[in-house]
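Input: a single structure, listed below in structure tokens.
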């Protein structure tokens, strides 16, 4: 599958990097910007994930998130909100990808971020089941752009 080819190419580029003393720090901000932008686009699209299996950062795809329950939809409609996970935009805007050392850290300062991304029990007495609506995923095209940035710096 094409995503596997892309991942193989990324792995090959990283293996090449391990053999060199190339400093990736100058391109980490650009890579972090690509990743952050792609994750925020997931909110705008109402979900872009594989739709199955364990959700990882590499689970990008075309599946939309599960719709809101009718009762939740009625509550939100009264306040004028119509899109899933973007009632106020706070969760979307809290997403940050930043270089830290030789890595990129992706985070949110919203305590409810994990329950929305992975799903689970919430609410009073944990009586409400929140379905997973993975937003911490990146698309194949973004992986290809990251690969291009890395390979450009191998030359």
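Bear in mind these aren't lab numbers, they're just calculated from the coordinates by the rules spelled out. Note that the structure is a prediction, hence the values are computed from the model and not measured.
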Check: Most mobile of 43, 118, 135 per a Gaussian network model of the chain (Cα springs, under 10 Å)?
Finding: 118
Next item on the list: Compare 55, 72, 142 in a GNM of the chain, Cα atoms joined below 10 Å, and give the one with the largest fluctuation.
Entry: 72
Notebook entry, point to check: Comparing 120, 46, 80, which has the greatest mean-square fluctuation in the GNM of the chain with Cα pairs linked when under 10 Å apart?
Noted result: 80
Margin query: Taking the Kirkwood radius as the inverse of the mean 1/r across Cα pairs, report the Rg/Rh of the range 70-143.
Written below: 1.04
Notebook entry, point to check: In a Debye calculation with equal point scatterers on the alpha-carbon sites of the range 22-107 and no solvent, what is log10 I(q)/I(0) at q = 0.16, 0.17, 0.23, 0.25 Å⁻¹?
Noted result: -0.75, -0.81, -1.14, -1.22
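For the range 26-139, calculate the relative contact order in percent as a whole number, restricting contacts to Cα pairs under 8 Å that are 6 or more residues apart. Numbers along the way, then the final one.
Numbers: 167 pairs, mean separation 38.7, N = 114.
Result for the range 26-139 is 34 percent.
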Notebook entry, point to check: Based on the Kirkwood radius over alpha-carbon pairs, what is the Stokes-Einstein translational diffusion coefficient of the chain at 4 °C with 1.567 mPa s viscosity, in µm²/s?
Noted result: 76 µm²/s
